[in-house]
Every structure is written in structure tokens, then in C-alpha cells.
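One structure is given below, encoded as C-alpha cells.
The values are calculated or read from the model by the stated rules, or taken from the named source; none is laboratory data. Note that the coordinates shown come from a computational prediction; the quantities given were computed from them, not determined experimentally. Ideal geometry is used to build each Cβ from the backbone, glycine not excepted, and the neighbour counts take in all protein chains shown.
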Amino acid sequence: MIPFVYHRNYAASHPSSVYIGLKTRLYTSRQHLLFPPQVLTPSNSIQRLVSEADMAFALRSISLPSRHHTTEAEVQEDLHSLETSVSSSITIETMCDGLQRLGDIYGAVEKIIQLPSNQVCSSQQRKILDGETECSLELLDLCNNMQEIFVELKAIIQELQVALRKGDDATIQAKIQSYTRLVKKAGKQFKKTTRKATSDKTDCGMVSLLINAREMTISLLESVVHLLSKQIEEPKQSLVSKAFHKKKAVVCEEQLQDLECNIRDLECGAGHLFRKLIQSRVSLLNILSS
């Protein structure tokens with residue numbers, strides 16, 4: 001039996017203190033019952049200390065695996081592999097995978113930026129890094145805009161599915177036009193971003209990685225927009241125009257559901273890329289501020 005006196009007034013004014021005190025006393029009493037104190041003789045005391053030391057060493061050995069630092073050559077190879085993969089098969093699936101892989105590449109670039117050997121730069125390299133920092137801000141804006149566009153496209157597709165089930169031809173046509181205008185609007189922003197991109201080259205591997213990763217980001221996002229523009233078109237052979245025939249309505253609705261899921265995956269990939277872009281930009285700013 002565990003002795004415990006419950007003071008109503010104190011408990012009402014200090015509920016958390018009472019709870020913590022009770023919990024501590026219960027735990028202490030339980031430990032005392034389950035594990036009674038042992039008398040340590042010199043012999044078993046030394047044996048226990050040796051055993052604990054061996055266990056601590058084993059834990060340290062397990063918790064310190066050999067670390068592999070990603071090299072600049074490996075990241076360049078990843079960029080080349082991504083470029084080859086995207087150019088050989090331009091599908092929404094490859095675009096989704098490409099955004100995820102590009103985000104991982106920026107994560108590797110960030111680790112390279114944080115290496116001690118890259119914390120000191122020449123005046124020329126610092127100037128180029130400053131330019132890349134400005135470009136990274138443009139990439140963040142571009143990526144953020146794409147995420148917002150994905151949200152709007154999903155909403156349009158959902159409304160399009162409702163209109164399709166109702167057989168509302170006027171609304172269907174209006175939503176197709178909204179989709180087309182939004183995708184065209186997304187495409188216009190790439191012209192400005194591409195023109196602002198610098199073409200400065202340097203012997204510094206880290207700077208080369210940043211330049212190549214930036215160019216890959218612009219190219220990949222631009223390919224995403226181009227691909228989305230082909231999913232729903234206004235001409236007669238388009239995906240949604242077939243829905244005007246009632247026999248095609250069910251098939252078309254399933255295709256729209258697939259498109260909505262694909263855009264959701266693109267949004268997820270763009271979000272992953274956006275977060276990695278922020279982290280790499282912070283690392284760049286740390287170098288420039290040192």
C-alpha cells in the first residue's frame with residue numbers, strides 16, 4: 001500500500017504539481033518493490049563498473065558508423081543522370097520523380113557548401129556566389145508560384161469533374177479556358193527567369209554545382225508546365241472535349257481524376273524542392289556574411 005495524502009485545496013490550485021508529485025512517488029515505490037536495493041561489495045562493485053564500461057563502449061561503437069561525404073563529382077553525376085532521365089521520357093511520372101531527385105540534389109549541394117574547405121572564397125568566387133544567391137531567390141519565387149498554380153489547377157479540375165457529371169457544357173468549356181489561361185500564365189514567368197540567369201563559369205566546383213542545379217531547376221519546371229499544357233486542350237481532339245459525348249463522360253472523368261492525382265504529386269515534389277532551395281540559400285548567405 002502506497003501512503004498518499006490528498007489535499008483538496010492545494011490540488012485545486014496546483015493541479016500539475018499534484019500530478020507530477022503523485023507520478024514520481026508511484027514510480028519510486030514501484031521501482032523499490034520491483035528492484036530492491038543491493039549491497040555492493042568491492043568485488044561485485046568493480047565487476048559492475050567494468051560491465052557498464054563495456055556496454056558504453058559497445059554503444060559508442062554502434063552509434064558511430066563510418067560517414068560518407070558526398071563529393072562534387074557525385075552530385076554532378078546525379079545532375080547528369082537526372083537530365084538524361086527527364087529528356088528521354090517526358091511524362092508526369094518522370095517529372096514528379098525529377099522534382100524529388102532535384103530536391104535531394106540540392107540537399108547534397110548544401111552539405112558541400114557547409115564543408116570547411118568551401119567557407120573561404122576568393123573575391124571573384126564571392127562575387128559569383130552573390131549572384132547565385134540572387135538567382136536562388138528567383139528560383140524560390142518560381143517554385144512558390146508553381147505550388148500556387150498546382151493548387152489552382154486542382155480546383156479547376158475538381159470543378160470540371162462536377163460540370164462533367166451534370167452535363168453542363170457551358171461550364172465545361174469555361175473551365176477548360178481557365179485551365180489553359182493559368183498554364184499559359186505559368187509559362188510566361190520562365191522567360192524572365194531564364195533571361196536573368198547568368199552564364200559565368202568558374203573553376204570552383206561548388207559554384208559550378210550551383211549553376212548547373214539552377215539551370216536544371218528552370219528546365220525541369222518549364223518542362224512540367226509544357227507537359228501540363230498538353231493534358232487539357234481546347235481543340236476537338238482534346239481530353240475534355242470528348243466528354244461532350246455522353247458515352248465518353250465516364251472515361252474522361254477517370255482521366256481527370258488521374259490528372260488531379262498527378263498534379264498533387266507535382267505539388268508535393270515542388271514543395272520538397274522549395275524546402276531544399278531555402279536550406280541551400282541559407283548556407284550561401286552564411287558564407288557571404290562571414
Could you grab me the full set of residues in the range 263-290 that are in contact with a Ser or Thr (Cβ under 6 Å, 6 or more places away or on another chain) and over 11 Å from Leu137 (Cα atoms)? Leu284
Would you point out the residue of the range 184-204, among those that are at pLDDT below 80 and not charged (D, E, K, R), that is surrounded by the fewest Cβ atoms within 10 Å (Cβ to Cβ)? Ser199
Got a number for residues in the range 148-183 being touching a Phe, Trp or Tyr at 6+ places or on another chain (Cβ under 8 Å) and surrounded by fewer than 16 Cβ atoms within 10 Å (Cβ to Cβ)? 1
Taking the conditions exactly as written (exposed (fewer than 14 other Cβ atoms within 10 Å of the Cβ), within 20 Å of Glu72 (Cα to Cα) and in the same structural domain as Leu266 (by TED's automatic domain parsing)), does Gln125 satisfy them or not? no
